[in-house]
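The structure under discussion appears below in the form of structure tokens.
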Amino acid sequence: MRNISLKQILSGVIAFVLVMIFPLVIKNTFAQHVMILFFMFGMMGVAWNIMGGYAGMFSFGQVAFFGIGAYTSSFLLITYHVNPWIGLVVGGLVAALVGAAIGYPCSNLRGHYFAIASIAFGEIVRTHFNNWKLIGAAEGLSLPMLSEGFKNFMFHSSKLPYYYIMFAFLLISLLVCYLISTSKMGYYFRAIKESHDVAKVLGINVVWYRLVAIMISAFLTAMAGTFYAQYVLYIDPESVMLLPISVQVVLISMLGGAGSVMGPVIGAVILIPISEFTRVWLGHKGTGVDMLIYGFLITLISVYQPKGVWGLFMNLGKRTK
Amino acid sequence: MKKALCLEVSGVTKHFGGLYANDHIDFSVEEGEIVSIIGPNGAGKSTLFNCISGFYPPNSGKVFFLGKEITHRRADTICKMGVARTFQVVQIIGDMTVLENVMTGALLRYTKIGHATKKAEEVLAFTGLAEKKDFLGAALTIADKKRLEVSMALATQPRLLMLDESMAGLTRVELRGMMDLIRKIREKGITLIIVEHVMEAVMEISDRVIVLNSGKKIMEGPPKEVVRHPDVIQAYLGERYVVSQ
């Protein structure tokens, strides 16, 4: 049982305040954009972590859920004029259902076998969307310009509302992850991660709990997808369904610390600025430089601290006590 | 006084291709008994455990627990009904503390973490691991890991506990400790089936011994009778040894 110390609450509050005032002080829209991406990838990392870090299902297909979320809300908005907020929930549910449908036949897959299946899943969904006329196929979908405001989940004059909405989403996903990690479900996920045999003899319905983990993860990831669509206002399979996005989500969680609530946030705060700044500074010549740096960091972390940067913090904390 | 039947195994057969790991095994266990299953390596003891606890579906035959058929139920359902087991190769959760390991087992009967923790502490006090409750599972010695595995099984509050070689590889002192624990478990009214190679323990704690060889049950009876039986000696030591006696 983990008890939250006063120090942790205090640092949490300070981080919260800093994040809240950041865009008010720093008006640079690029910096704000990087922060928004950090929140978004942080959220996807947290969602991955529920499935991968806790329940031990290493998914390399998260981008499919992300894309399904983005496409569901956008399609509903364009075709049926459904409010994006409703689209957000529907997108989450669709992603959860698809996750369950693909997760069930994969119930006995563990470790790298599950990872391989998840890559295939992501690629199948992308190929499908690339050829699906109804939703624009390879041309993608352009969202209609609606009047600005919270109701329409669309803002044109400033990034600020997007900033706070995405931050709120990240906090929601962290809360969900925290509640899971301190409940029966969290312990059951960890038992399943260790071994299906040990879970079964403790009376845990492995198939069911794995599906629950997938569905929660899919729902949260799809929420980030809807956000992305509302933020960029244009989606196509090549921007919301590419394998590298899935890989980045996994890297973020692994680097930060899989299986800890805050791990993916730490991972995102390190990796997202690296990838965005190298992209901007080095332009096209720099393509892949972020991956080089990622690779280097991941090698370091897996050799010296398999529990991620968060694990490093925890160890330092213990030593100084 | 005739006691109620805890477990009834009738005609259980399990084959892997042409290899019959269990061939029409019949036996029953009364409530409150300690029954040992012995036999040379490859006799089918662990397979039998897997057939009873729902890890393998038997090819034919039936298993009844407290009068209810459990033959083709899922392992977790059988656990929920009150059958707990351990594995020949210790299965614990390495990156959880001892307390968390046991608590995860207790969560089968409790939803709240607090209640499960209390139950887990009770179990650890009973099994003698209370002092090590904050150790990580992976950091324990093999004897403590086995004890932890038994604690986890007990935390699911079983009526029947099946131990697969919980005493193998222990020192004499540790062995004594484990035997005492098994007796204490029986005193709580839990029925035990034990797969074991350590004959010293089998002889002392079992009410009844079942001997398997090459997938068949060759003998059943009180421990002292069983070990003197020529068929059993032959199974372990070969035909020549029996003749020379």
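Read the figures in this text as sums done on the coordinates, not as results from a lab. Note that the structure is predicted; figures quoted are calculated from it, not measured. For neighbour counting, all protein chains shown are included, and Cβ atoms are generated from backbone atoms with ideal geometry for every residue, glycine included.
Size of the protein assembly as shown along its principal axes in angstrom, Cα-based, largest extent first?
97, 57, 44
Taking θ = phi - 60°, what integer Hz values does the Karplus form 6.51 cos²θ - 1.76 cosθ + 1.60 yield along segment B:104-121, in sequence order, with x for Gly and Pro?
My calculation for segment B:104-121 gives 4, x, 5, 5, 5, 9, 10, 9, 7, 4, x, 5, 5, 5, 4, 4, 4, 5 Hz in order.
Pick out which of B:Lys133, B:Lys188, B:Lys145 has the largest mean-square fluctuation in a Gaussian network model of chain B, springs linking Cα atoms closer than 10 Å.
Result for chain B, Cα springs under 10 Å: B:Lys188 fluctuates most.
What length, rounded to one decimal in nm, is gained on full extension from A:Ile86 through to A:Asn131, with 0.36 nm per residue of separation minus their alpha-carbon distance?
Separation in residues times 0.36 nm, less the Cα-Cα distance, equals 13.6 nm.
Compute the orientation-averaged projected area for chain B from the convex hull of its Cα atoms and round it to one decimal in nm².
Spelled out: convex hull of the Cα atoms, projected over all directions, averaged, 14.1 nm².
For chain B, set up a GNM with springs between Cα atoms under 10 Å and report which of B:Glu200, B:Glu165, B:Glu30 has the largest fluctuation.
Of the options given, B:Glu200 has the highest mean-square fluctuation.
Among the listed pairs B:Lys184/B:Lys217; B:Lys14/B:Lys217; A:Lys184/B:Lys184; A:Lys184/B:Lys133; A:Lys184/B:Lys118; A:Lys184/B:Lys62, give every one whose C-alpha distance is greater than 22 Å.
B:Lys184/B:Lys217; A:Lys184/B:Lys184; A:Lys184/B:Lys62
Please report the net charge: other residues with Cβ closer than 15 Å to the Cβ of A:Ile102, K and R +1, D and E -1.
Once all neighbours under 15 Å are counted, the net charge is +1.
Which pairs in the list B:Lys68/B:Lys216; A:Lys200/B:Lys112; A:Lys7/B:Lys145; A:Lys7/A:Lys193 are over 28 Å apart, alpha-carbon to alpha-carbon? Before the final figure, lay out each step's value.
Details: B:Lys68/B:Lys216 25 Å; A:Lys200/B:Lys112 20 Å; A:Lys7/B:Lys145 34 Å; A:Lys7/A:Lys193 30 Å.
Long pairs (Cα-Cα over 28 Å): A:Lys7/B:Lys145; A:Lys7/A:Lys193.
Calculate I(q)/I(0) for segment A:163-298 by the Debye formula, one identical point scatterer on each C-alpha and no solvent, and give its log10 at q = 0.22 Å⁻¹ to two decimals.
-1.44
Kindly list the residues of segment B:11-29 that lie in the label zone of B:Glu69, defined by a backbone N under 16 Å from the point 7 Å along the Cα-to-C-beta vector.
Within reach of a label on B:Glu69, which here means backbone N under 16 Å from a point 7 Å along Cα→Cβ, segment B:11-29 contributes B:11-13.
Placing +1 at every Lys and Arg Cβ and -1 at every Asp and Glu Cβ, with all other atoms neutral, what dipole size does chain A have around its Cα centre, in debye to the nearest 20?
For chain A, the charge dipole is close to 980 debye.
Taking a cut-off of 23 Å, what percent of all Cα-Cα pairs in segment B:131-223 are separated by more than that? Can you show the working numbers first?
Values: 1209 of 4278 pairs.
Here the tail beyond 23 Å accounts for 28 percent of pairs.
What's the center-to-center distance, using Cα atoms, between segment A:21-44 and segment A:228-252 in Å?
17
From the phi angles alone, apply the Karplus equation (6.51, -1.76, 1.60; θ = phi - 60°) to segment A:145-153 and give each ³J(HN,Hα) in whole Hz, x where the residue is Gly or Pro.
Each residue's phi maps through the Karplus curve to give 7, 9, 5, 4, x, 4, 4, 8, 6 Hz.
Hey, what's the per residue convex hull volume over the C-alpha atoms of segment A:41-115, in cubic angstrom?
Given the Cα convex hull of segment A:41-115, per-residue volume reads 86 Å³.
Between B:Thr141 and B:Leu237, how many nm apart are label points set 7 Å from Cα along the C-beta direction?
Distance between label points: 3.3 nm.
Subtract the Cα-Cα distance of A:Ile26 and A:Thr79 from 0.36 nm times their separation in residues, and report this length gain in nm to one decimal.
15.3 nm
Give me the distance in nm between label points sitting 7 Å out from Cα along the Cα-to-Cβ direction at B:Thr171 and A:Ser147, one decimal.
8.2
Determine the principal axes of the Cα atoms in segment A:30-242, then give the extent along each, sorted from largest to smallest and rounded to whole angstroms.
57, 36, 29
Using Cα springs under 10 Å in a Gaussian network model of chain A, which residue among A:Val240, A:Val82, A:Val303 shows the largest mean-square fluctuation?
Checking each option, the largest mean-square fluctuation is seen for A:Val303.
Please report Rg (one decimal) and Dmax (integer) in Å for the Cα set of segment A:1-144.
Both quantities, over Cα of segment A:1-144: 18.8, 55 Å.
Along the Cα→Cβ direction, 7 angstrom out, place labels at B:Ser28 and B:Glu121. What is the inter-label distance in nm?
Rounded to a tenth, the inter-label distance reads 4.3 nm.
Any chance you could tell me what percent of the C-alpha pair distances in segment A:9-48 go past 14 Å?
Within segment A:9-48, distances greater than 14 Å cover 57 percent of Cα pairs.
For a label point 7 angstrom out from the Cα of A:Leu109 toward its Cβ, which stretches of segment A:28-68 have the backbone nitrogen within less than 13 Å?
Within reach of a label on A:Leu109: A:57-62.
At 18 Å minimum axial length over the Cα atoms and a Kyte-Doolittle cut of -0.5, report the qualifying DSSP H helices in chain A, or say none.
Membrane-span-like by this rule: A:6-25, A:29-49, A:62-80, A:84-103, A:111-130, A:160-181, A:206-232, A:243-256, A:263-282, A:289-304, A:308-320.
Which far-off residues, 5 or more places away or on another chain, put their amide H under 5 Å from the one on B:Arg208, with H placed in the peptide plane?
B:Ile34, B:Ser36
Hey, got the dipole for segment A:133-273? About the Cα centre, +1 on K and R Cβ, -1 on D and E Cβ, debye to the nearest 20?
Taking the Cα centre of segment A:133-273 as origin, the dipole is about 400 debye.
Could you tell me the distance between the Cα centroids of segment A:68-125 and segment B:15-49, to the nearest Å?
46
Kindly state, to the nearest 0.05, the FRET efficiency for B:Ala4 paired with A:Ile9, given R0 = 35 Å and r defined as their beta-carbon distance.
So the FRET efficiency works out to roughly 0.05.
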